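So the structure is just underneath, and the comments pick up after that.
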Amino acid sequence: MTAPDTVGYTPVTTLDPTKHGSIGNALPRVDGPRKVRGEARFAAEVPLDNMLYAALVYSTIARGRIATLDTSTAEAAPGVALVMTHRNAPAMAPPALFFTEPLAGGASSLPVMQDAAIHWNGEPVALVLAETQDQADHAASLIDVTYETEPASLSFDQAAAHARHPDNVMGEPPLLEIGDAEAALAAATHKVDRIYETPRHSHAAIEPHAATVMWDGDKLIVHDATQMLNATRWTLAGIFGLREDQIRIHSPFVGGGFGSKGLWSHQILAIAAAKLVARPVRIGLTRGGVFRITGGRTTTRQRVALGARPDGTLAALIHTGTVAMTTHNNCPEQFTFPAKHLYAADSFRLEQRVADIDMVANTFMRAPGESVGTFALESALDELAEALSIDPIELRRRIEPEKDPTSGLAFSSRHLVEAYAKGAERFGWASRNPVPRSRREGEWLIGMGVATATYPYYRMPGGAARITLTKDGHARVEMASHEMGMGTATAQAQVAADCLGVAPEHVTFEYGDTAMPSGTLAGGSSQTASIAAAVAAATRELVAQLLQLAGNASPLAGLQPDQVEPRDAGLGHREQPARFESYASILARAGREQVSAQADAPMPTEMGEHSMHSYGAQFCEVRVNAITGETRVSRFLGSFDTGRILNPLTATSQFRGGIIMGIGLALTEETQFDERSGRIMNPSLAEYHVPAHLDVPHIDIIWTGRPDPHAPLGAHGIGEIGITGVAAAVANAIHNATGRRIRDLPITLDKLL
Ligand code: MOS
């Protein structure tokens, strides 16, 4: 661990783990006790006086208009305070769509309940408010709606036939070409050219979306389950014609997000209804409601074509395809992104198209793009390895690039070959028989597979932190950031502790409230670096203030901020150990109860200077029943290269959670979309199958632990990489076990019979 912590990034403190004690320690979750004791209050649990409960009625057609809408029986039902439809909903501006402005957070740009038009099967057509949830649910069932239907685009095949280029794919062009990849493919001695398909998915967070909202005069208070506090506030301000300072969003606990906990129509409708009745409103979506009005991962059809020489090196790498999207959102599922950075090739053709479908807006879901893109790319590499009789790990070693193969930038930190080597040794890869269907125990065919995991390093612009030190030596760090179960509060307490040179038990990290300095969204696995950068900047500001307060009587007298470092609950000269004064002493002499500093994080310039990505090697062993086709994942190991690990306990949990979601992606999960009606057919966890305990073996997690010298603290976000590569590792293991190559997910038993 010799790499500097903060090269390419303004150094603030010496975060040398041999000197400071917190980063890298397995600190248990600071929010754990409150959750276990039931004291953590989620959005649907906030009690407000005089509160009403909301229920929604969802359209049953995909496209057309509401013809008749009879609400009279519902209005007369017990406990009903309001039935809101497009006829009486207040005028609201359409949500500003994600990426159209820095703080835009709308998952869709469609106006919400402003007219009789229907855009997807499941769109809310009425909202009922009643004194109890049961009364609201009952009254909602009494509303009669008839429709005039219009032809809808529901068939992926038909829409894909005239698919279009999206304007951009996460800000990048939809087509990237280097050389003439089709010609190189045609001329190659060895080739793989295959179509891979993945279905729609639901995030299936354990906490359904919910909000408890109230108006206080012209001020709006929203208790939300969100992973984007500031974007939600900004976007709501636009919808309701408010200033941002009139809105306060609280979101201290979120029961899982994975990309889904953004701004959908339910918060907007609840706020509108609360305005009409001038009472607080709670809206908690049913699980079915989550499927109807919050989108998930979209379906993909991908072509991967590899043209290779006999030694496995690539003359051509082609990854193209089409996803289902809507005309009112921009989430094209960036499945080509892994191929931009992973392997050396002489020529590339990477192209994304979208097919317009009338459906709920699809959205980000844990490693959007990379999770399903690696399924196709890493399956194809396995097919090539087999065709060339080269070990799949050896093939990847031979095509390891020296620099980013499409941007030409140097990698900031890349130890993929090491991750493979460590994983192979620990998993026992050498014992794998490369001949498919060669290992059998009774009815069970056993095989091993491997695949690369990858996810970009992102740090979002914006974000600020405030640090308050009190004279008893306690530090409070505030930033409107998010804890949705991933360990942010814990890891950031450790970051702040090391930044300030205090023990983590003397740090409180506060988050989840827009009254705090603004945070960036918890997305793109970026939050860890974004918070750390802001906390480091605020520390720099705090150090300057402390030196001023210390004055001439202090052992620190005359020192400049860059000559001192926080340590041992105080400031010390970087080279002269004796020149030290504790925070308590500085504050006491100055007669201060506390000192507070706030600073903005510097712009994230590090990403433009290097190719910054995380990597991993996923190892899977499966047992496939030769008679029933049932697949059991019997062993799994993830070997990751994601910079410095801030907390091994919460990190392991993040990696494991991603892998479990990847096992679902590989074997069981599919949001079924009826192409006749546009209706989602399995809107419940009884019929949408996430892995349960018996589906998941012990998952072994290891990492290279090499700090990225260009990232704040040397750390990368790790929320999403765990799911990437998993589906291919499982599919490749199934091929090794059975000789069957399945190219469409999920790999259910019928496909193996
Ligand atoms: Mo993530 S899909 O950026 O929460």
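Some notes on this structure:
- The fraction of Cα-Cα pairs per 10 angstrom bin, counted from 0 for segment 270-358, comes to 14, 28, 22, 16, 11, 6, 3, 0 percent, rounded to whole percents.
- For segment 666-711, dividing the convex hull volume of the Cα atoms by the residue count gives 164 Å³ per residue.
- Spread over its residues, the convex hull of the C-alpha atoms of segment 643-753 is 161 Å³ per residue.
- Kirkwood-based Rg to Rh ratio, segment 165-280, C-alpha trace: 1.25
- Probe 1.4 Å - accessible area at T320, Å² to nearest ten: 20
- Sequence of M214, M661 from largest to smallest accessible area, 1.4 Å probe: M214, M661
- Net +/- balance of residues flanking L69 in space, Cβ distance below 15 Å, scoring K and R +1, D and E -1: -4
- Whichever lysines have a C-alpha closer than 28 Å to that of K275, once near sequence neighbours (fewer than 8 apart) are set aside: K219, K261
- Rg to Rh quotient for segment 316-424, alpha carbon positions, Kirkwood Rh: 1.02
- Semi-axes of the equivalent ellipsoid of segment 61-152 are 26, 18, 11 Å, computed as sqrt(5λ) over the eigenvalues of the C-alpha gyration tensor in descending order.
- E443/D744 FRET efficiency (R0 22 Å; Cβ-Cβ; nearest 0.05): 0.35
- If the segment from S634 to V435 were pulled out straight at 0.36 nm per residue, it would be longer than the present Cα-Cα gap by 69.7 nm.
- Fraction of the pair-distance distribution of segment 459-571 above 23 Å, Cα-Cα pairs, percent: 28
- Counting only DSSP H runs of at least 4 residues, each contributing -39500 (n - 2.57), and dividing by the residue count of the chain, the helix-based mean residue ellipticity at 222 nm comes to -7500 deg cm²/dmol.
- Residues S677 and I206, FRET efficiency given R0 of 25 Å [Cβ-Cβ distance, rounded to 0.05]: 0.30
- Applied to segment 205-213, the Karplus parametrisation 6.51 cos²θ - 1.76 cosθ + 1.60 on θ = phi - 60° returns per-residue 3J(HN,Hα) values of 4, 5, 8, x, 4, 7, 8, 10, 10 Hz, with x for Gly and Pro.
- Dipole of the chain, positive end: most advanced residue of Q133, S438, A491 [Cβ charges, Cα centre]: S438
- For segment 274-312 versus segment 316-383, the gap between their alpha-carbon centres in whole angstrom: 15
- Size descriptor for segment 632-682, Kirkwood hydrodynamic radius: 13.8 Å (Cα pairs only, one decimal).
- Computed over the chain, the range of Cα coordinates on each principal axis works out to 81, 74, 50 Å, biggest value leading.
- Sorting D157, D600, D641 by solvent-accessible area of protein heavy atoms yields D600, D157, D641, largest first, with a 1.4 Å probe.
- Segment 97-240: C-alpha gyration tensor shape, a/c 1.5 cut-off, then a/b vs b/c: prolate
- With K and R counted +1 and D and E -1, the other residues having a Cβ less than 13 Å from that of A188 yield a net charge of -3.
- Karplus-based coupling profile of segment 154-161, in residue order and whole Hz: 10, 8, 5, 4, 5, 5, 5, 5, with θ = phi - 60° in 6.51 cos²θ - 1.76 cosθ + 1.60 and x standing for Gly or Pro.
- Anchor K403: aspartates and glutamates whose Cα lies under 17 Å away (excluding residues fewer than 8 positions away in-chain): D346, E418, E606, E609, D641, D708
- Residue-by-residue Karplus 3J(HN,Hα) for segment 717-726, coefficients 6.51, -1.76, 1.60, Hz, glycine and proline x: x, 10, x, 10, 4, x, 7, 6, x, 5
- Mean projection of the Cα convex hull over all viewing directions, computed for segment 490-548: 4.5 nm².
- Long-range Cα-Cα pairs in segment 22-96 (distance over 14 Å), rounded percent: 79
- Alpha-carbon Rg with Dmax, taken over segment 371-478, Å: 21.9, 69
- Length released on extending from L409 to T68, taking residue separation times 0.36 nm less the Cα-Cα span: 116.8 nm
- Ranked by the mean number of other Cβ atoms within 10 Å of their residues, highest first, the peptides 715-726, 397-408 come out as 715-726, 397-408.
- H138 sits among other residues whose Cβ lies under 14 Å from its own Cβ, and their net charge, with Lys and Arg +1 and Asp and Glu -1, is -4.
- Modelled this way, with points 7 Å down the Cα-to-C-beta line, the labels at I195 and E418 are 4.3 nm from one another.
- Lys/Arg +1, Asp/Glu -1 at C-beta; segment 91-199 dipole; positive extreme among G122, M170, S109: M170
- Using only the C-alpha atoms, the convex hull of segment 336-400 corresponds to 110 Å³ per residue.
- Using a probe of 1.4 Å on the protein chains alone, the accessible area found for R466 is around 60 Å².
- Cα-Cα separations in segment 219-341 greater than 22 Å, expressed as whole percent: 53
- Amide H contacts of A599: A465, A538, each under 5 Å away and 5 or more positions distant or on a separate chain (H built 1.01 Å from N in the peptide plane; Pro and chain starts excluded).
- Sorting R297, R349, R29, R194 by accessible area puts them as R194, R29, R349, R297; the probe is 1.4 Å, largest comes first, and only protein heavy atoms count.
- Under Stokes-Einstein, with the Kirkwood radius over Cα pairs as Rh, the value for segment 255-315 at 25 °C and 0.890 mPa s is 155 µm²/s.
- Å² per residue, accessible surface of the chain at 1.4 Å: 36
- FRET efficiency, T132 to N50 (Cβ-Cβ, R0 22 Å, nearest 0.05): 0.95
- Taking the DSSP bridge list for the chain and keeping only pairs wholly inside it, about 75 percent are antiparallel.
The values are calculated or read from the model by the stated rules, or taken from the named source; none is laboratory data. As the structure is a computational prediction, the values presented were derived from the model and not from experiment. Virtual Cβ from ideal backbone geometry, glycine too; neighbours counted across all protein chains shown. Accessible surface is based on the protein model in full, side chains and every heavy atom, while ligands, DNA and RNA are left aside. Shrake-Rupley method; radii C 1.70, N 1.55, O 1.52, S 1.80 Å.
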